[in-house]
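Step one of this worksheet: look at the structure below.
The values are calculated or read from the model by the stated rules, or taken from the named source; none is laboratory data. Computed from a prediction, not measured in an experiment: that's the story for all the values here. Methodologically, a virtual Cβ is constructed for each residue, glycine included, from the backbone with ideal geometry; neighbour enumeration extends over all protein chains shown.
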Amino acid sequence: MPEAIVAADNLVKKFPKRDRPALDGVSVEVCPGDVVAVVGHNGAGKSTLFDLIGGLSRPTSGLVTINIDRAEVGWCPQREIVDWSLTVRQNISLGLELRRPGARRTARAAVDAVAEALGLSAHLDKTAETLSGGELRRTQIGRAMAGSPELMILDEPTTGLDPEGIEVVFAYLDERRKQGAAAIISTHETSRFSRHCTRVIAISDGRVLTDLPVGDYLALAPHRTEDLWDVYEQLKEGSR
Amino acid sequence: MRPFILTRYHFASLWNWRTSYLARFIEPVAYLLFLSTGLRASLESRTGPYSEFVLAGMVCLLAFRAATASMSDVANDRKWGVFAMYTLQGGSTPGYIASILMFACTVFLGQFILLLLCSLLAFSGALPRPDVLLTQAAVGLLLVVGWCGFGVALGGRVDSYATRDFVVTITSLPVILAAPLFYPIEGGWLQTVAAFNPLTYQVHALRSPTGPWLVTLVVWAIAGIAVAVFSLRRAERLSRER
């Protein structure tokens, strides 16, 4: 088995004034070529897990190890974070240049490539304040994917996208996976995403219910299904 | 490297939103052309050459304004994820602060040159000597660094537009007007207030720069940076503001 790109070990995250921890002993590994779907209801702990893996917050206990250069990590949090005073090109380019400080000369080509893949080419010179919600989201995804990082941490990247936009993002992820990149993604597009992910981690109440290859995960359902959510609900029922 | 990259994007931001940022250049010009020209006739007998007196005051005004501008810039960077991206991708908090300072100092120098040009117009060519101007620009940079540091520190704590506007509104006029920037303050309750205002001492240092004053202003600049680093290291990388 190849060495994990990301190893999260026994993560616990507690917030003040909350009885239960948001994460309670979660361990996750992501290896090259993995596209890991993290499935769970709202408040299950998905975004907390992504924030810890992305480095946005620190765990109460446990350890996150990133075994690649930070320059190879593309990050797209759940919240819409785009600099409204910059154009789409500048936003994507800023993310890329901060990741790879020497990339200024190649940034233009990298931004053009990711913009074309995400259908943003016509918007590159518009400031973020003039974009629709879907275009803003794609700008954020483009920033995470520009320069083809080895690992993408994408927290609900498809929120606010129309079906066509969602297919564009998933198709781009497929392409990157074939090139050996890895991704950890949470999405509510559970029926479509089963065709694009390689592994599924189901989370409920801050705990991992299961962590399986997508085929084995779907096989847990009593009937044939392609919807990750069907299995999730069954797992949740079984855990009560 | 990263501080320079981010500084470049601060300027891109300024250019994209140039109509909004124009106020940073118009405000000091308006103070100079209208307020100081109006005061000149009645004050010049007490202040000596008014162009020199008011230019020092204007430098202090610019330095103080750099604090409120930096506070807004940092609050926006925390809201829009720029600070989070910068630090998560390997950049350091002091490096981020350096980008804010480089931007603020360059804007200050641009404002200073603009003020000199306007002074030529307002005071019929009566400008201080070149060595005085250079000293004022250099001391002004120290003031800008210190004030920006305190602005950055506040920006690391402020999580809403309402708080930001409140801080700017309640501090701007009282701090600027309760210091001898445009007129001498002699006696009365205002002098007591002025005694607690850093601008009172800073404008004095600009008008009569001496070794001890310069050392004090270097300490001021270092203190501002230290407070900024302390505050931002403890701030949430991404603010809750939407």
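Among residues of region B:44-55 that are free of Cβ contacts under 8 Å to residues at least 60 places away in the same chain, those with a beta-carbon under 6 Å from a residue that is surrounded by 21 or more Cβ atoms within 10 Å (Cβ to Cβ) and not small (Gly, Ala, Ser) at least six positions away or on a different chain give the pairs B:Glu44/B:Tyr50.
To keep it simple, each residue is scored yes or no on (1) assigned to a helix (DSSP H, G or I); (2) in contact (Cβ under 8 Å) with a residue 12 or more places away in the chain; (3) touching a helix residue (DSSP H, G or I) at 6+ places or on another chain (Cβ under 6 Å); (4) under 15 Å from A:Val169 (Cα atoms).
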site	(1), (2), (3), (4)
A:Ile92	yes, yes, yes, no
A:Ala107	yes, yes, yes, no
A:Ala115	yes, yes, yes, yes
A:Ala122	yes, no, no, no
A:Glu129	yes, yes, no, no
A:Arg137	yes, yes, no, yes
A:Gln140	yes, yes, no, yes
A:Ala144	yes, yes, no, yes
A:Gly147	no, yes, yes, no
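With the condition kept exactly as written, say whether any residue in region A:175-186 is under 22 Å from A:Glu80 (Cα atoms), surrounded by fewer than 18 Cβ atoms within 10 Å (Cβ to Cβ) and touching a residue at least 40 places away in the same chain (Cβ under 8 Å).
Pass one, region A:175-186, residues under 22 Å from A:Glu80 (Cα atoms): A:183-186.
From what is left, the residues that are surrounded by fewer than 18 Cβ atoms within 10 Å (Cβ to Cβ) are none.
Within region A:175-186 (the criterion being under 22 Å from A:Glu80 (Cα atoms), surrounded by fewer than 18 Cβ atoms within 10 Å (Cβ to Cβ) and touching a residue at least 40 places away in the same chain (Cβ under 8 Å)), the answer is no, since none of the residues qualifies.
Quick one: which helices (runs of 4 or more DSSP H) sit completely within region B:179-242 and have at least 1 residues that are out of contact with any Asp or Glu (no Cβ under 8 Å at 6 or more places or on another chain) and within 14 Å of another protein chain (Cβ to nearest Cβ)? Reasoning before the result, please.
Values: elements: B:188-195, B:198-207, B:211-234.
The qualifying helices (runs of 4 or more DSSP H) are B:211-234.
Only residues that are hydrophobic (A, V, I, L, M, F, W, C), facing chain A (nearest Cβ under 10 Å) and under 19 Å from B:Leu22 (Cα atoms) were counted across region B:70-84, and they come to 0. Of the residues making up region B:122-174, those that are among the polar types (S, T, N, Q) and touching a Pro at 6+ places or on another chain (Cβ under 9 Å) are B:Thr135, B:Gln136.
Tell me, which residue of region A:48-71 that is polar (S, T, N, Q) and at pLDDT 90 or above is nearest to A:Thr130 (Cα to Cα)?
So, considering only residues that are polar (S, T, N, Q) and at pLDDT 90 or above, the one nearest to A:Thr130 (Cα to Cα) is A:Thr48.
Here are some residues: B:Leu127, B:Leu101, B:Leu154, B:Leu143. Which one is part of a helix (DSSP H, G or I) and within 22 Å of B:Tyr50 (Cα to Cα)? Spell out the reasoning first.
Working: B:Leu127 fails: part of a helix (DSSP H, G or I); B:Leu101 fails: within 22 Å of B:Tyr50 (Cα to Cα); B:Leu154 fails: within 22 Å of B:Tyr50 (Cα to Cα).
Matching residue, one of B:Leu127, B:Leu101, B:Leu154, B:Leu143: B:Leu143.
The numbered conditions (1) under 22 Å from B:Val167 (Cβ atoms); (2) away from chain A (no Cβ under 14 Å); (3) touching a residue at least 60 places away in the same chain (Cβ under 8 Å) are all true for B:Phe103 except (2).
With respect to the conditions (1) facing chain B (nearest Cβ under 10 Å); (2) closer than 19 Å to A:Ala183 by Cα; (3) not acidic (Asp, Glu), A:Asn67 lacks only one, and its number is (1).
Which members of region B:1-39 meet the condition of being outside any helix (DSSP H, G or I) and under 18 Å from B:Ile97 (Cβ atoms)?
Initially, region B:1-39 is screened for residues outside any helix (DSSP H, G or I), giving B:1, B:17, B:22.
Correct list: B:Met1 only.
Per-residue answers, yes or no, for (1) among the charged types (D, E, K, R); (2) loosely packed, with under 15 Cβ neighbours inside 10 Å; (3) modelled with pLDDT under 90:
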{"site": "B:Gly38", "(1), (2), (3)": "no, yes, yes"}
{"site": "B:Ser42", "(1), (2), (3)": "no, yes, yes"}
{"site": "B:Leu55", "(1), (2), (3)": "no, no, yes"}
{"site": "B:Val74", "(1), (2), (3)": "no, no, no"}
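So, of the residues in region A:71-111 that are small (Gly, Ala, Ser) and closer than 20 Å to A:Arg176 by Cβ, which turns out to be farthest from the other protein chains (Cβ to nearest Cβ)? By that ranking, first place goes to A:Ala109. The lone criterion from (1) over 22 Å from B:Glu236 (Cα atoms); (2) modelled with pLDDT under 90; (3) buried (at least 17 other Cβ atoms within 10 Å of the Cβ) left unmet by A:Gly74 is number (1).
Selection of region B:85-100 for residues being within 7 Å of chain A (Cβ to nearest Cβ), aliphatic (A, V, I, L, M) and crowded, with 23+ Cβ neighbours inside 10 Å yields only B:Met85. Selection of region B:124-169 for residues being closer than 26 Å to B:Ala205 by Cα, surrounded by 12 or more Cβ atoms within 10 Å (Cβ to Cβ) and among the small types (Gly, Ala, Ser) yields B:Ala126, B:Ala137, B:Ala138, B:Gly140, B:Gly146, B:Gly149, B:Gly151, B:Ala153.
For region B:59-69, the criterion of being within 14 Å of another protein chain (Cβ to nearest Cβ), closer than 30 Å to A:Leu56 by Cα, touching a helix residue (DSSP H, G or I) at 6+ places or on another chain (Cβ under 7 Å) and part of a helix (DSSP H, G or I) is met by at least one residue. Criterion applied to B:Ala194, B:Ala221 was being touching a Pro at 6+ places or on another chain (Cβ under 9 Å) and at negative phi, and the one residue passing it is B:Ala194.
Applying the set (1) under 25 Å from B:Gly95 (Cβ atoms); (2) outside any loop (DSSP other than H, G, I, E, B); (3) touching a helix residue (DSSP H, G or I) at 6+ places or on another chain (Cβ under 9 Å) to A:Pro101 leaves exactly one unmet item: (2).
The residues listed here are A:Leu161, A:Leu154, A:Leu173; of these, the one that is assigned to a helix (DSSP H, G or I), closer than 27 Å to A:Asp112 by Cβ and under 17 Å from the mean Cα position of the chain (by Cα) is A:Leu173.
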